[in-house]
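Taking it in order: structure first as structure tokens, then the write-up.
Laboratory data are not the source of any read-out in this text; all were calculated from the coordinates shown. All of these numbers come straight from a predicted model, not from anything done at the bench. Backbone-built Cβ (ideal geometry, glycine too); neighbour counts: all protein chains shown.
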Amino acid sequence: MAKPLIEFTDNGIYCPQGKFYIDPWKPVDDAVITHAHSDHARWGNKRYLAHHLSREVLLYRLGDISLQTIEYGEKVMKNGVEISLHPAGHVIGSAQVRIEYKGQVWVISGDYKTEDDGVCAPFEPVKCHHFISECTFGMPVFQWKPQQQLFDEVNKWWRGNAENNIATVIVGYLLGKAQRILQNLDLSIGKVYTHGVIENTNEALRRNGIILNETHRITPETSKDEVRKCIILAPPSSVGTPWMRRFQPYSFGYCSGWMALRGAKRRRAADRGFILSDHADWSGLISAIDATGCEKVYLTHGYTAPFARYLSEIGFDAHEVHTLFGDDESPNQTPSEDEEAPSKSPPEGETFSAELSSSSPSGGGWEEAI
Ligand SMILES: [Zn+2]
Ligand SMILES: [Zn+2]
């Protein structure tokens, strides 16, 4: 039997033949990045490969990295292994990574959702022998409503608040959720204001050519009268802070897949909980895995144990693997994602140099596929 094309190592998901990692959690030479969330795109790798639309957010978050970007479907070679990226439908620029060597095909999903959100490229199933899948919401209780229905509720709630002359604060993750909310708001109700970290992310996306609805950055000068009748897009880290309280009176809504659980809204002290996720729900996960036609499926993060058991029961060869991917919908999200200023300087004692790539015996860099 041929040696597996992927190994699960202490540094992350590794392709020994190609000598590269996918979303490594420790610094390595070559990292293919599925998307710009902080648990997948970490600082300290020598070379990065990602989708074009992740470019500006990665540079904003990680500083001056050696980054090559490619289009969906474009092929690059690394030590004889063919690599291509395919839409994951999770956030703008998110990709599944397909690798092929001597007829063996693996797909690493990163995070994904199956519903087309109209903001990022919709998920595309990719045929493979081995599929490495997330399963953040791999329990039957997680079944999402069509997003239009959900945004109708959001807009109705905002309109009601505006009629009552109070501000509306809506909380969502800064890359993904925030833009999805922004693009689905009914702007005839009022203006959209943004917290600084969300606006920084919006600006990075706009530099990348993404057209987003108009937003107004909240500054220390922004008065509460100015934002009344308007909606404020805020990150999870701002909940309960003086930054948010200064806009009182307001109604506060929280958007997350976890809102499907009893008590979640109360625990976040929210007035409204909207079940909105950038991850696949229970049926989305199963249909996505099924569509790959894979022989084996590996579950990296989420409800890995029960979901692996369920998949085995329905006839998949499913395995649970241990990784360090986090949960971008939890209020206790991975550090650095929500900081006002991203860390741009290397840790003490480490030097970062793109030059190193030219001295590597394999030639470094990502070669173009023939
Ligand atoms: Zn993510
Ligand atoms: Zn993730």
Practice problem: Would you mind working out the magnitude of the charge dipole of the stretch 147-274 relative to its Cα centre, with +1 at each Lys and Arg C-beta and -1 at each Asp and Glu C-beta, to the nearest 20 Debye? | Solution: 480 debye
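What percent do you get for the relative contact order of the stretch 104-179 when only Cα pairs under 8 Å and 6+ apart count? It would help to have the intermediate numbers written out before the result.
Numbers: 44 pairs, mean separation 19.6, N = 76.
The normalised contact order for the stretch 104-179 reaches 26 percent.
With all distinct Cα pairs included, what does the Kirkwood hydrodynamic radius of the stretch 31-171 come out to in Å, to one decimal, could you say? Show your work: numbers first, answer last.
Numbers: mean 1/r = 0.0584 Å⁻¹.
Answer for the stretch 31-171: a Kirkwood hydrodynamic radius of 17.1 Å.
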Quiz item: In whole Å, what is the distance between the alpha-carbon centres of the stretch 247-282 and the stretch 1-47?
Solution: 33 Å
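Among DSSP bridges having both ends in the chain, what percentage is antiparallel? Round to the nearest 5. Mind showing how you got there, number by number?
On the way: 22 of 59 bridges.
Restricted to the chain, the bridges split so that about 35 percent are antiparallel.
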Quiz prompt | Length-normalised contact order of the stretch 147-274 in % [C-alpha pairs under 8 Å, at least 6 apart] | solution = 34 percent
Practice problem: May I ask for the angle, rounded to the nearest 10°, between helix 147-163 and the longest principal axis of the chain, with both axes built from Cα atoms and the value confined to 0 to 90°? | Solution: 30 degrees
Self-check item: Between 0 and 90°, nearest 10: helix 196-207 axis offset from the chain longest Cα axis
Solution: 60 degrees
Quiz item: Could you give the length gained on full extension between R217 and S287, defined as 0.36 nm per residue of separation minus the Cα-Cα distance, in nm?
Solution: 21.2 nm
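Would you mind calculating the gained length between D186 and D317 on full extension (0.36 nm times residue separation, minus the Cα-Cα distance), in nm to one decimal?
Numbers: separation 131, 0.36 × 131 = 47.16 nm, distance 4.53 nm.
Result for the pair: 42.6 nm of gain on full extension.
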Exercise. Can you tell me the relative contact order of the chain? Whole percent, Cα pairs under 8 Å, sequence separation 6 or more.
Key: 19 percent
Quiz item: If you bin the C-alpha pair distances of the chain every 20 Å from 0, what whole percents do you get?
Solution: 29, 56, 15, 0
Quiz prompt | Per-pair calculated FRET efficiency, R0 = 51 Å: R267 and N79 via Cβ, rounded to 0.05 | solution = 0.60
Practice problem: First check a/c for the stretch 147-274, with a ≥ b ≥ c the square roots of the eigenvalues of its C-alpha gyration tensor; if it is under 1.5, answer rounded, and if not, answer prolate when a/b is larger than b/c or oblate otherwise. | Solution: rounded
Quiz prompt | Folded to 0 to 90 degrees: helix 282-291 orientation relative to the chain principal axis, Cα | solution = 30 degrees
Self-check item: Cα-Cα over 25 Å, subset of K26/K127; K127/K177; K46/K113; K145/K224; K75/K102
Solution: K26/K127; K127/K177; K46/K113; K145/K224
Quiz prompt | the chain, helix-only ellipticity at 222 nm - DSSP H runs n ≥ 4, -39,500 (n - 2.57), divided by all residues, nearest 500 | solution = -6000 deg cm²/dmol
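Quick one: dipole size for the chain, taken about the Cα centre, charges +1 on Lys/Arg Cβ and -1 on Asp/Glu Cβ, in debye to the nearest 20.
860 debye
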